[in-house]
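The values are calculated or read from the model by the stated rules, or taken from the named source; none is laboratory data. Since we're looking at a predicted model, the values are computed, not measured. Backbone-built Cβ (ideal geometry, glycine too); neighbour counts: all protein chains shown.
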Amino acid sequence: MSEPVNQARRVLTDAPTDLLLDRVAAELARSYAITSAELFQVDYRLSVLLPLREGEPLTEPGHPAWRCFDHQEPILAAGTGYFPVGMRGERRGVLRLTPVPDDRTVVADLAEIATALGHELAAVSDGTDVYRTARRSRRLTLAAEMQWELLPGRSRIRPSFSLAGQLEPAYAVRGDSFDWSDDGDRLWLSVVNGTGEGVAAAMLTSLAVHALRNARRAGLPLADQAALADQAVYAMHHGDQYLSVLLIELDLRAGAVTVVDAGSPRLVLLRRGEVDELPLVPQFPLGMFDGTDYQPQRLHLERDDRIFVLSDGVVEAAGQDVRYGESALARFLRRTGPMAPLDAVRALIGDLRAFVAGDLVDDAVVVCLDWTGPQP
């Protein structure tokens, strides 16, 4: 790692939380003669890159900034460089720098600095609203604010898996959500198909997600995680409110999958270009009855399998009195094979928006998981 890169990292680490871009821009001017630096963050809908300071939002798919975001590699165009900003597979946006010479070493250095900026953005975001506020093209509803704060991220990459998820309508989602965690050997994923309206739906989902996290962090088996969350929701609402959840535990070395279907969203497998809905044993939603005894189900993934978890709002999305439907979903999922999970999720949500000619009315959650096989 070059000394200018090390110095830029130190500058980012020492910078006040609200001045990351200003301080790194000053360092880039000193070390690389960069005269202009701007951070574009992707918005909650994954549809526009929004500038942190001044400038026009970027929406054109062919723009160099979007090519940088989509391919996650530096793009040079007419002396301007675009560099992906993110960390561990979480794509946050693009750093635009001018001028950037067509020099492989300089481009590699600037790409490292953009990645360091992504790590610092993740580190400071809990202590400032500067970056969250700049990511919004319009105001979030209170329920949506609660749901986005509940998420572990929007995408994640490790040697043995890639994972991404999205909530819709992004600025007004109510009860749908997802959560994940991994320890290097196992991946846990939960997807919530929420019920209700507004803040009440968000509070119900928050209770369930936190109960599931509490059980998972206590080391309980998957079925017991469902049982503990079921008890928490029932104790609060006595069966008057409940919600559907799909719980998944993936053994990252063997591809063995444990599933608990609590009235859940659907689980769809994409294997060698073919789409199949995996048969699940339906059980009661969380909180419907007191003391439900959940039973785990075993499945197995093959190397390079892809699974989608989809809430009802995907298939039931309506446009011109016609639902999106199973056949349209299967056709589109086949087309996502070459895409990275976040691109696949973004493409499916975009197709749904086009179908309904705008934002979705009902909540929808899409999660895409690739298991790439056991890794050293």
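Checked against the criterion of being part of a loop (DSSP other than H, G, I, E, B), surrounded by 19 or more Cβ atoms within 10 Å (Cβ to Cβ) and either touching a residue at least 24 places away in the same chain (Cβ under 8 Å) or outside the structural domain of residue 336 (by TED's automatic domain parsing) (or both), the stretch 229-242 contains one or more residues that satisfy it.
Would you check which residues across the stretch 171-193 are closer than 23 Å to residue 374 by Cβ and among the hydroxyl-bearing types (Ser, Thr, Tyr) and list them?
Of all residues in the stretch 171-193, those closer than 23 Å to residue 374 by Cβ come to 180-189.
Result: 181, single match.
For the stretch 27-71, the set of residues classified as under 15 Å from residue 110 (Cβ atoms) and free of Cβ contacts under 8 Å to residues at least 24 places away in the same chain consists of 27, 29, 30, 64, listed by residue number. Residues in the stretch 107-128 include none that are acidic (Asp, Glu), assigned by TED's automatic domain parsing to the domain that holds residue 11 and under 29 Å from residue 348 (Cβ atoms).
Okay, residues lined up against (1) within 12 Å of residue 147 (Cα to Cα); (2) part of a helix (DSSP H, G or I); (3) among the acidic types (Asp, Glu):
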{"residue": "163", "(1), (2), (3)": "no, no, no"}
{"residue": "174", "(1), (2), (3)": "yes, no, no"}
{"residue": "181", "(1), (2), (3)": "no, no, no"}
{"residue": "184", "(1), (2), (3)": "no, no, no"}
{"residue": "188", "(1), (2), (3)": "no, no, no"}
{"residue": "200", "(1), (2), (3)": "yes, yes, no"}
{"residue": "206", "(1), (2), (3)": "yes, yes, no"}
{"residue": "214", "(1), (2), (3)": "no, yes, no"}
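Condition test on residue 360, is it modelled with pLDDT of 90 or more and surrounded by 13 or more Cβ atoms within 10 Å (Cβ to Cβ)? For residue 360, the condition - modelled with pLDDT of 90 or more and surrounded by 13 or more Cβ atoms within 10 Å (Cβ to Cβ) - is not met.
How about the stretch 285-324: which of its residues are part of a strand (DSSP E or B) and closer than 19 Å to residue 177 by Cβ? 286, 307, 308, 309, 310 - these are the residues of the stretch 285-324 that are part of a strand (DSSP E or B) and closer than 19 Å to residue 177 by Cβ.
Looking only at the stretch 255-284, count how many residues are among the small types (Gly, Ala, Ser), assigned to a strand (DSSP E or B) and surrounded by fewer than 19 Cβ atoms within 10 Å (Cβ to Cβ). Before you say what the answer is, go through the steps one by one.
Here is the first cut: in the stretch 255-284, the ones among the small types (Gly, Ala, Ser) are 255-256, 262-264, 273.
Those still in the list that are assigned to a strand (DSSP E or B) too: 256, 262.
Keeping just the survivors that are surrounded by fewer than 19 Cβ atoms within 10 Å (Cβ to Cβ) gives 256.
Adding up the residues that qualify gives 1.
If you take the residues in the stretch 146-177 that are farther than 19 Å from residue 343 by Cβ and polar (S, T, N, Q), which one is surrounded by the fewest Cβ atoms within 10 Å (Cβ to Cβ)? My answer is 160. In the stretch 101-126, the residues that are hydrophobic (A, V, I, L, M, F, W, C) form Cβ pairs under 6 Å with partners that are assigned to a loop (DSSP other than H, G, I, E, B), at six or more places apart or across chains, as follows: 107/74; 111/74. For the stretch 178-195, the set of residues classified as surrounded by fewer than 18 Cβ atoms within 10 Å (Cβ to Cβ) and in contact (Cβ under 8 Å) with a residue 24 or more places away in the chain consists of 181, 182, 184, 185, 186, listed by residue number.
Please find, among 316, 302, 274, the residue that is of a type outside the set (Lys, Arg), under 30 Å from residue 43 (Cα atoms) and either assigned by TED's automatic domain parsing to the domain that holds residue 238 or in contact with a Gly (Cβ under 7 Å, 6 or more places away or on another chain) (or both).
Numbers: 302 fails: under 30 Å from residue 43 (Cα atoms); 274 fails: under 30 Å from residue 43 (Cα atoms).
316 is the lone residue from the list that is of a type outside the set (Lys, Arg), under 30 Å from residue 43 (Cα atoms) and either assigned by TED's automatic domain parsing to the domain that holds residue 238 or in contact with a Gly (Cβ under 7 Å, 6 or more places away or on another chain) (or both).
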